[in-house]
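Novice: Take a look at this one; I'll ask things after.
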Amino acid sequence: QALIARPAPARACVPAMAAARGPPALIVLRLLLLAGGGQRPGQADRCSWRGSGLNWEPRSRTVEQVHLRCTEGSLEWMYPARALRVVLEPNLSSARHTTVCIKPASDFQGASIYVERAGQLHLVVSEAEGAQPHHVSCFSAHTPRRVALFLQASPQRDISRRTASFQYELLSNQSAAVMCRPCDNVELLMAVCSSDFVVKGSIRNVSHDSENHMSQVDVSVHKVYRQKNRIFQQDEASGEWRGPIRTLLQCKVKKGGGDFLFTGNEHFGEAWLGCAPRFKDFMFIYWAARERGANPCEFQLN
């Protein structure tokens, strides 16, 4: 019995009804976009952007244009004013990135984030939701190499500092697919060698966040073989090692009994699930490969 069930046919992560969450001010934003806006010099071929709404002309109807060319980075918009259009278009001609994940900063204020789809704007992060801890939103992109986000500034009565900042990451079609199916033997052996974390443990709980299209697996860790950073930590009172592992809601993760070998990589400083076989199944696969000399690395099991 595998931890991860095979997913249903692919579907958009952001439902069409999401557009209904947008405020009437979206009409104004659409008019601003029609008014046009140019990209400022020096904004191409960058991973991150930092700017301020105070630098804009007070009477200008231009929407600030920002182009980010990497598969991951960050944006920091201080004193948000009017609207900001952010185009994510990684400069990798052979890559197909179909899932976008955004994590707002804990002090996210002053704007809401929308994604453009077929000429419509769908709310991804509202100003009220942005300050929630561990708030990560993921959605599929209709155009794999180009995603347009809109940050709409909230009306403010004073000039007190507010900052709308977030991290973003584009997951490739292949990466998203691996998250949502059991790994074959070759993928499993490679995951043990190359993952950011490898731990043995059991599942305490699985929770699903349909609003942000994420699931979380809470793990009781029996053995930490490797971790890049201190994601899994020991409770001082009980001495038990614990840690959350995240994955996409579309993967339909279910709770299973027994011990698993959890592997995966870090995104936004959090553990994201990769291959997760039952531990006894992994042991059989690893020793069989070792006897044939087919294991890609030596894995210390003791």
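Read-outs: derived from the displayed coordinates by stated rules, not from any lab. From a predicted model like this one, the values you see are computed outputs, not experimental measurements. Every residue, glycine among them, receives a Cβ derived from its backbone with ideal geometry; neighbour counts consider all protein chains shown.
Novice: For ARG117, list long-range residues whose amide hydrogen, built 1.01 Å from N in the peptide plane, is under 5 Å from its own amide hydrogen.
Specialist: HIS122
Novice: Starting from segment 199-292, pick out the trypsin sites (Lys or Arg not before Pro) whose DSSP state is loop and whose Cβ has at most 13 other Cβ atoms within 10 Å.
Specialist: Listed in order of number, the matching sites are LYS228, ARG230, LYS255.
Novice: Follow-up question, since we're still on this one. Output the relative contact order of segment 180-291, whole-number percent, from Cα pairs under 8 angstrom with separation of 6+ residues.
Specialist: Reported as a whole number, the value is 30 percent.
Novice: Separate question: Can you put TRP49, TRP287 in order of Cβ neighbours within 10 angstrom, beginning with the fewest?
Specialist: TRP287, TRP49
Novice: Right, next: What lysines could a cross-link reach from LYS252, if we take a straight Cα to Cα line under 22 Å and drop same-chain neighbours fewer than 8 places away?
Specialist: Of all the lysines, those that pass the test against LYS252 - Cα under 22 Å, at least 8 places apart if same chain - are LYS103, LYS200.
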